[in-house]
1. State, as an integer percentage, the relative contact order of the stretch D:117-181 based on alpha-carbon contacts under 8 Å between residues 6 or more apart.
2. Hey, what's the stretch D:117-181 come to in accessible area per residue, 1.4 Å probe, Å²?
3. Please state the equivalent ellipsoid semi-axes for the stretch D:117-181: what are the square roots of 5 times the Cα gyration tensor eigenvalues, largest first, in whole Å?
4. Residue farthest toward the positive end of the dipole of chain C, with Cβ of Lys/Arg at +1 and Asp/Glu at -1: which of C:LEU105, C:PRO271, C:ILE46?
5. Could you name the aspartates and glutamates whose alpha carbon sits less than 17 Å from that of D:LYS186, not counting residues in the same chain fewer than 8 places away?
6. I'd like the orientation of helix A:103-138 relative to chain A: the angle between its Cα long axis and the longest Cα principal axis, in ° from 0 to 90, rounded to 10.
7. Quick check: pseudo-label points 7 Å beyond the Cα along Cα→Cβ at A:SER105 and D:LYS250, how many nm apart are they?
8. Percent of accessible area on the stretch A:103-324 owned by carbon and sulfur, 1.4 Å probe?
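The values are calculated or read from the model by the stated rules, or taken from the named source; none is laboratory data. As the structure is a computational prediction, the values presented were derived from the model and not from experiment. A quick note on method: Cβ atoms are made from the backbone with ideal geometry, for glycine too, and the neighbour counts reach across all protein chains shown. These area figures cover heavy atoms from the full protein model, side chains too; ligands, DNA and RNA do not enter into them. Shrake-Rupley method; radii C 1.70, N 1.55, O 1.52, S 1.80 Å.
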Amino acid sequence: MMTASTGSLADRTLRLLRRPVLRRLAQAFFVAFLLMVFAFLLIRLIPGDPAMILLGDQATEEDVIAYRKLLGIDGSIPSQFGRYVSNMARGDFGVSIRSREPVLSIVQKRLPVSLWLTVTTIFMTVLLALPLGVAAALYRRTWFGHAFQIGASVLVATPVFFSGLVLILLFAVQINLAPIAGYHAGFPANLYYLWLPALTINFVLAPVLARILQSSIVETSSEEFVEAAIIRGTQGWRFYWRYLLRPSLAPTIAALGYFAATVVSYAVIIEIIFNLPGIGMTLVDAVRNRDYPLVQGIVFLSGLLVVGLTFMADLVNGWLDPRAKIR
Amino acid sequence: MTPGTAAVSPVGRLRQVELRRRWRQLNAESRWGLVILAFILMLSVFVPLLSSNDAYEFVDLPLQPPSAALPFGSDHLGRDLLVRVFAAARLDIALAILGVSVPIVIGTFIGTLAGTTRNPIAETVWDGLVNALTAFPEIILVLGIVAMVGADIRGLLIAIWISRWAQYARIARAKSLALRDAEFVQAAQVLGYSQLRILIRHIMPNVFSEALAYALSDFIFIIVIIGGLSFLGLGVTPPTPEWGAMLAEGRLYLRTEPWLILFPGFFLSLTASGVALLARGLERISRGEDD
Amino acid sequence: MLPVIDAANLSLDRRQAVGIVGESGSGKTMLCRALIGTLPRHGAGIVSGTVQFDGQELAGAPERVWRGIRGREIGYIPQSSLAGLNPVLTVETQLVESITAVGSLSRQQARQEAVALLEKVRIPRAQQVLKARSHQLSGGMRQRVMIAAAIAQGPKLLIADEPTTALDVTIQREILSLITQLRQELNMALILVSHDLAVIEEVCDDVMVMYAGASVEAGPVAALSKAPRHPYTRALRVSRVDRAVPGQDLEAIPGDAASVGSWPAGCRFWPRCALADEACRRDSQPALMPIAQQLSACIHAERMAELEQ
Amino acid sequence: MAALTSEAEEKLQHDAITDPLLEGRDISVTFGRGAEALDAVRAANVAVDGGEAVGIVGESGSGKTTLARVLVGLQRPSAGEVRLEGQPIFSAGTEQRMPRSERWKTQMIFQDPYSSLNPRMRVWQAVAEAVQVWKSLPGAEARAQALQLLNAMGISDDQARQFPKSLSGGQRQRVSVARALAPDPKVLIADEPTSSIDQSAQAQLLNLLRRLQSERELAIIFISHDLGLVRYLTTRVYVMQKGDIVEAGKTEDVLERPQHAYTRLLIDSIPGR
């Protein structure tokens, strides 16, 4: 018997779907709020007076007061927080101490580089991991399968700041296939500067994704419905696609979404190595220079980006697998 | 120990037999992992000990290529790269162990407590909090904390502790939630065991084994973070020998003296790979996969 | 290499129903998979013995030959109805696949055929069920769909591996009678695997009993139930609760079932057998020998009467 | 669902024991709230006398396991109370747990032999722990008693030294029985203890339970979907369907003259009938 008539089936499915989505949305907002509080505390929890630290001992009283105002740390903590939130709501994220440029305009200038890096990387991940994962699953018991397992473990453990340098040594110094560093905006010219950084990140990401796909296919292939299909006489591409690949894709696609979020984190180191003027490089510079308003702004904005990407991946994850829906 | 030297005590013999039995139960991956780790640990103990050169002292002309006297060559300040690489191994492995051990204890404890309370309000609040913390962008969190606390070893460790405990809390909570409904825990409740006994004797050991398995893969992440932040100049700073910091120094001589990055980078990767292989091998054993 | 089944024998005629009974680990599922050529490709295989279907030798036959047999000549119903259907495909896609595997039917025709199949397995509102995916169906319903897919190409033989274990008692009965009816309507032979002798007695003509990877007794259901000729078969019967007198102990088999990899030397049942003697321990697992109306692998088959006290 | 027919109700009155050892009075359990609320058990009355074996039969989802969980204090009822030796020990509407001093009197064997033993404790440890907690014996003595109990259940000393994963399902269930017997309980509730073990192990376990009931004067509540098992082991039976007790009475009477259509359906579904 069907669990419900079709009319109420649709109803029920919708209700089941809606609830996790709402919960995830609420969670994303909660994370964003925490991020905001974290960014707010960032300046205020520094041991000592940031204005004094930045200005040094010789600073005059007026200078210190002016600096405090610039940093938004004058007045009581609740009033500071109120100002902080209302400024943000108006799109005012403060001003960089170094360049006196609004934080938002710096981010707007630097973010596209990081986003291009993310898109290039994810595109490359799919291109590399799909065939690799399928091959590793199909030839699991051959030398290729074993080599894949060991190789994946080694690559995943190799830090990008080492593999990146080695790749520069190989491709930019030895054979001149990529620039050693730098960036020029504009598609497709920027790909010349982005392919090597993207490949570096994929030394980690592609094996991870291929491994997820591989184990997912292996898991699927031991399901009884696969055997049932073989016995029914299903063959060829139809068999591989419908019974092995399609039921295995959900975790892979979901992982891809989370990867987009992690690339933003990788960008911090990759942009330094390849000298890409993205958001990660800006953040590291800001931390080094103790440019607190800039650190605060970038932590919040790039964190928001990561939270948004994760939320989208969550949605896709819930929507893809019919089995996940009932849970 | 060779046969014919001191007689092995019966207990020692038993332990040897046990060890040999365990070794045979391992798969190729975990064996390779163990061999690699033993190799690195040995080198990092003995190389600085046996070498007459100091990790901080000038010994030869700067930027000398590898030779018989200086197997890894000398760095830009004329220091023995071999000694520095393994002095760095000591520091990095010690830091990573320190980095893993505090979050695992705190996180597992908090997570198990959270997973075993039956207060619905506490559960909801907890759910939001830990999920939020684990969804928090990792490197950004670490960088933010380092910016706050200070770009040095202390700041690095604090940042790692703050950012990692929630992972263990999440794992411990999920596992203890599952265990809460496991029939053997219900059986313990029916037998009238105290809550404390159930927690310590029945739930904790099962949770902890799960957390330990995660700790191995976490070790890789942490050793890479330590190296990464030091590479950015925000963690361990020169002249202290640390793999990431050495890579940052050597990067300037990439074109002409590539061994300056190849040696420290190789041993950093090898250490992380050893742990990764071990983790992967043990994971496959626990899932009951054969070779 | 670890033997999982060793010395298993089974044969059946057209339109005959044979049951395989045995406890977990006795090798009954492996035997089914050997019969349909889907033993795991790595780490398992038929080391010795033959599989013949309609006079054709299938053991070691290439995959191409098997493809002509599976589905068309031999239908198969797997154990778990939940895992038996592809979760991402609709019932329709999977049924149409079974139907079009043989003839060249248009989509429309195949669809009509699918509806007819669902009606054949007594599914009401077939149109709606065609649109559903497996998680939207109840356990009994999924098992009916699995049966529909198995009979789509009109096989001569249907193999059902514990088709009712995961179902509620009342649904079990429905599924068993459905299988019995379909067998008569479609003139199929049937191999039914179960751990429950009573289920097999109800549905099958013949039965084969497995213990620790070997056939220990085979023959007509009536003969085995009236006068079992292997101590294990007898034990399976007398340890059943529905035969017991309330207030009296059941005649339980002592000890634990021999598990794969730790079969005893000699007859594999001897450690649990009241008739066991030196010969049972010494000789290897006996082959099936004719006795009375059945075949038995017990060298003391004539002494069975001693067990009745 | 219609409750009892008047005739059946009369019979229930007639068969009811006057002074039961363990009793569940008007037990209801509701999961969830509002539109999604699900009545797992509705106003169920069950009782067992000392040394008596009663059965609860029903299909999955009939509420029999939930009812058992209420009786051992694992699940608080939404209405009703559990009484032991005439005293209320666990009831709806309070926050109080079942008192520790009463807890040992009612023990339970669970359905799944694979998850009902702690995977990180050796077999003897699991039993010795129960002995130690309830009899406050020193470790060595608790161990000896545990081994003795296990031996009585047909578990050898060698098997007792293993971890549960190297035991078969039937062996594990016997370990569970040993553990449940450690505090010398008065009532043993067995929730489908044979549903996932082999037939030969099933007979051993059933014999064991029957012997415990007659030799130790142990009251047994046996829960199953299989009327054959219930017939063999029990003298009274409750039939549950979708949360309601639809029929109750002497086991023979119920099996021979079922009053409720659902009982008849269950009887017809016994294989071999």
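1. 42
2. Here the per-residue accessible area is 40 Å².
3. On the way: eigenvalues 63, 25, 21 Å².
Largest first, the stretch D:117-181 gives 18, 11, 10 Å.
4. C:LEU105
5. In chain and number order, the partners are D:ASP19, D:GLU23, D:ASP49, D:GLU52, D:GLU85, D:GLU102, D:GLU215, D:GLU217.
6. 20
7. 9.8
8. Roughly 69 percent of what the probe reaches on the stretch A:103-324 is carbon or sulfur.
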